[in-house]
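Chemist: Dropping the structure in here first, questions after.
The numbers here are math on the coordinates, done by the rules we state, and not lab data. From a predicted model like this one, the values you see are computed outputs, not experimental measurements. Positions of Cβ are backbone-derived with ideal geometry, glycine not excepted, and every protein chain shown enters the neighbour counts.
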Amino acid sequence: MKKNTPNVATHLLESPASYLLRIGGVLRKLSLDELPNLINIIKGEIVFVGPRPALYNQDDLMALRVAAGVDKLKPGITGWAQINGRDEISIEAKVALEKEYLERKSVWFDLMIVVRTFTSVLFSKGVAH
């Protein structure tokens, strides 16, 4: 990200791509910017599959998650909403997918999400910037 990028959710930026450095765009497109989160998994702060952590200022997203009961899930690096739209869907659609994940949560469902995550990353599916 460039130096003077506002500290807000991506969907609130007028033109998110204009705030990315060239190398940042490559890292984001390949999802390599997520590698440091492996440390958070080891520390037990997040899991591999679960809803993406909300930023401190995403009150709209957090309120929808509380209403749907999704706030009870531990955040993750990837999730059902990420492989079904990532940056291309509204926060309402994301929360609906996260609620579906909560209802369907199982080892097999998590494995399917992990496999589909790798194919989504490989083909940059759902990355808007």
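Chemist: Only four residue types carry charge here, +1 at the Cβ of Lys and Arg and -1 at the Cβ of Asp and Glu. Report the dipole size of the range 10-122 about the Cα centre in Debye, rounded to the nearest 20. Don't skip to the end; give the middle numbers.
Modeler: Numbers: 14 positive and 14 negative charges, 68 e Å.
I would put it at about 320 debye.
Chemist: Additional query: Just subtract the alpha-carbon distance of residue 116 and residue 3 from 0.36 nm times their residue separation and send over the number in nm, one decimal.
Modeler: Roughly 37.3 nm would be gained on extension.
Chemist: Could I ask something else about it? For the chain, compute Rg over Rh where Rg is the Cα radius of gyration and Rh is the Kirkwood radius from the inverse mean 1/r over Cα pairs.
Modeler: 0.95
Chemist: Let me ask something additional. In the chain, what is the count of Lys pairs whose alpha carbons are under 19 Å apart, counting only pairs at least 8 residues apart or on separate chains?
Modeler: 12
Chemist: How much length would be gained if the chain were fully extended between residue 17 and residue 87, taking 0.36 nm per residue of separation minus their Cα-Cα distance, in nm to one decimal?
Modeler: Length difference between fully extended and current span is 24.0 nm.
Chemist: The range 1-109: which chymotrypsin sites (Phe, Trp or Tyr not before Pro) are DSSP loop and have at most 15 other beta-carbon atoms within 10 angstrom?
Modeler: 56
Chemist: Which FRET efficiency, nearest 0.05, do residue 27 and residue 56 yield, Cβ-Cβ r, R0 25 Å? Numbers along the way, then the final one.
Modeler: Values: r = 23 Å, r/R0 = 0.90.
Calculated transfer efficiency: 0.65.
Chemist: What residue among 90, 67, 40 has its Cα farthest toward the positive end of the dipole of the range 10-122, where the charges are +1 on Lys, Arg and -1 on Asp, Glu, each on the Cβ?
Modeler: 40
Chemist: Additional query: Take every Cα pair under 8 Å in the chain that's 6+ residues apart, average their separations, divide by the length, and report that relative contact order as a whole percent. All intermediate terms of the calculation are to be shown ahead of the outcome.
Modeler: On the way: 136 pairs, mean separation 35.3, N = 129.
Across the chain, relative contact order equals 27 percent.
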